[in-house]
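Take a look at the structure set out below.
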Amino acid sequence: MKEFKQSQLLKSLPKQFFASLVEKVGKAAAEGHDIINLGQGNPDQPTPDHIVAKLKEAAENPLNHKYSPFRGNSYLKEAAAEFYKREYGVVLDPEKEVAVLFGGKAGLVEIPVCLMDPGDTLLVPDPGYPDYWSGAAIARAHMAVMPLKEENGFLPDFSEIPKSTAKAAKLMFLNYPNNPTGAVADLSFFEDTVQFAGENDICVVHDFAYGAIGFDGEKPVSFLQAKGSKDVGIEIYTLSKTYNMAGWRVGFAVGNRDVIEAINLLQDHLYVSLFGAVQEAASSALLDSQECVEGMVEMYESRRDAFVQGLKNIGWDVASPKGSFFAWLKVPEGYTSEEFSDLLLKEAKVAVAPGIGFGEWGEGYVRAGLLTSEERLIEAAERIKKVGLFVKKD
Ligand SMILES: Cc1ncc(COP(=O)(O)O)c(C=O)c1O
């Protein structure tokens, strides 16, 4: 058989760090161990019934068996605009300021290709969601990291970005509620972002994947709520987490019309839009009762409380996440994040994601997903106690 070599572009793609975690967990489970897997970010609950029912009904409609309009059905873009008006008081032109996406990930990877030339600079948060690096590699962009430090509430400090880097940067990714740290941003941070981006001609892409998940009665702020935000950027919204629809692949980009047009143009060449029945069901999710979302946030909040309390009870001094469904936990001294994750998997049969997988500034932490029942989360804390690294101080 002939051997076909991969292109230089494919060879330049970042290594999928978490593939090795999946492999380790899979191996331990195959050996018969009962693993409590807090290492991944896949919602554990099903999509609400009324959304599934809408999909079933819409799947019967022969109109949906044809190609969809290239840029998605108007009713879905109108539903997205209605959603932003209702949830955030943000007014959007459905045709010019909304682009339909095959999930947030697709948009995040497409945007660098839309706006950057090889060698251009992209600012990314560190620690951060690794798919930002994928978009950078495909666009052959140069990445400059913005450290997210605990002392700054895991927000980037724009004053620390060297002037030359700020001037060179074309694009910036941000993400609040944050994966992996669980931090949230307030309106004043987004106002500072608009100012910094305006001064340096940077396009901001705010990844709002966990937009629905804020705790202690605090609703996460949309970047588009900041004055002037549409002049400098966009926000990416996904239905994956808000409505437990990760498998459905549906989301949208909203904001600056030039950027929306650029995304639509690229997508005109890559795909025809989503299955019409998915578009109909997604519109229902956005427009119907949001009780399911309230219930989901309550569930994550009580899981968070149970898990954090469980860890405090064994003497692990952890901070409570303010949003997202992740807890960002400090690794005890003497271990790297990877060594500590390996230890927890081996000795406690608990899987967590090592912080180094999210970038250099993630070292010293592990990420635990609140994606199993309260009972299992409490059991995870008890199993971790047996590892003997934590001592409860009174
Ligand atoms: C920070 C962040 N952004 C984007 C996504 C992508 O979500 P989706 O592609 O399912 O919309 C995820 C998924 O885990 C995420 O954690």
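The values are calculated or read from the model by the stated rules, or taken from the named source; none is laboratory data. Just so we're clear, the structure is a prediction, and the values are computed from it rather than from any experiment. Note that each Cβ is placed from the backbone with ideal geometry, even for glycine, and that neighbours are counted across all protein chains shown.
If we scan segment 365-377, do we find a residue that is aromatic (Phe, Trp, Tyr), touching a Pro at 6+ places or on another chain (Cβ under 7 Å) and either farther than 26 Å from TYR129 by Cα or surrounded by 17 or more Cβ atoms within 10 Å (Cβ to Cβ) (or both)?
Within segment 365-377, none of the residues are aromatic (Phe, Trp, Tyr), touching a Pro at 6+ places or on another chain (Cβ under 7 Å) and either farther than 26 Å from TYR129 by Cα or surrounded by 17 or more Cβ atoms within 10 Å (Cβ to Cβ) (or both).
Out of all the residues in segment 107-128, is one or more over 21 Å from ALA353 (Cβ atoms), within 11 Å of the ligand (Cβ to nearest atom), in contact (Cβ under 8 Å) with a residue 40 or more places away in the chain and part of a helix (DSSP H, G or I)? Break it down stepwise before answering.
Step one: filter segment 107-128 for residues over 21 Å from ALA353 (Cβ atoms), giving 107, 110-123.
Now narrow it down to the ones that are within 11 Å of the ligand (Cβ to nearest atom): 107.
Filter once more, keeping what is in contact (Cβ under 8 Å) with a residue 40 or more places away in the chain: 107.
Adding the requirement that they be part of a helix (DSSP H, G or I) leaves 107.
Scanning segment 107-128, I find at least one residue that is over 21 Å from ALA353 (Cβ atoms), within 11 Å of the ligand (Cβ to nearest atom), in contact (Cβ under 8 Å) with a residue 40 or more places away in the chain and part of a helix (DSSP H, G or I), so the answer is yes.
Name the one entry in GLU347, GLU360, GLU333 that is more than 16 Å from the ligand (Cβ to nearest atom) and either free of Cβ contacts under 8 Å to residues at least 24 places away in the same chain or within 24 Å of GLU301 (Cα to Cα) (or both). Can you show your working first?
Values: GLU347 fails: either free of Cβ contacts under 8 Å to residues at least 24 places away in the same chain or within 24 Å of GLU301 (Cα to Cα) (or both); GLU360 fails: either free of Cβ contacts under 8 Å to residues at least 24 places away in the same chain or within 24 Å of GLU301 (Cα to Cα) (or both).
Checking each option against the conditions leaves just GLU333.
Tell me which residues, restricted to segment 147-180, are of a type outside the set (A, V, I, L, M) and within 16 Å of the ligand (Cβ to nearest atom).
Those that are of a type outside the set (A, V, I, L, M) and within 16 Å of the ligand (Cβ to nearest atom): PHE154, PRO156, PHE173, ASN175, TYR176, PRO177, ASN178, ASN179, PRO180.
Can you tell me which residues in segment 378-394 are buried (at least 17 other Cβ atoms within 10 Å of the Cβ) and assigned to a loop (DSSP other than H, G, I, E, B)?
Matches in segment 378-394: LEU389, PHE390.
I need the full set of residues from segment 296-326 which are within 16 Å of the ligand (Cβ to nearest atom) and either of a type in the set (S, T, N, Q) or in a loop (DSSP other than H, G, I, E, B) (or both), in order please.
Within segment 296-326, PRO321, LYS322, SER324, PHE325 meet the criteria.
Search segment 255-269 for residues being in a helix (DSSP H, G or I) and either among the polar types (S, T, N, Q) or at pLDDT below 95 (or both), and hand back the single one that is farthest from the ligand (Cβ to nearest atom).
Per the stated criteria, the residue is ASN264.
Is it the case, given these coordinates, that ALA144 is away from the ligand (no atom under 16 Å from the Cβ), assigned to a strand (DSSP E or B), surrounded by fewer than 21 Cβ atoms within 10 Å (Cβ to Cβ) and at pLDDT 95 or above? So that I can check it myself, show each step before the final result.
On the way: away from the ligand (no atom under 16 Å from the Cβ): yes; assigned to a strand (DSSP E or B): yes; surrounded by fewer than 21 Cβ atoms within 10 Å (Cβ to Cβ): yes; at pLDDT 95 or above: yes.
Against the criterion (away from the ligand (no atom under 16 Å from the Cβ), assigned to a strand (DSSP E or B), surrounded by fewer than 21 Cβ atoms within 10 Å (Cβ to Cβ) and at pLDDT 95 or above), ALA144 qualifies.
Any residue that is of a type in the set (A, V, I, L, M) and touching a strand residue (DSSP E or B) at 6+ places or on another chain (Cβ under 8 Å) - is there at least one of those in segment 67-78?
Yes, the conditions are met somewhere in segment 67-78.
Of the numbered conditions (1) within 13 Å of ASN244 (Cα to Cα); (2) in contact (Cβ under 8 Å) with a residue 60 or more places away in the chain, GLY295 satisfies every one except a single condition; which is it?
(2)
Would you be able to tell me the number of residues in segment 238-254 that are in contact with a Ser or Thr (Cβ under 7 Å, 6 or more places away or on another chain) and more than 10 Å from the ligand (Cβ to nearest atom)?
2
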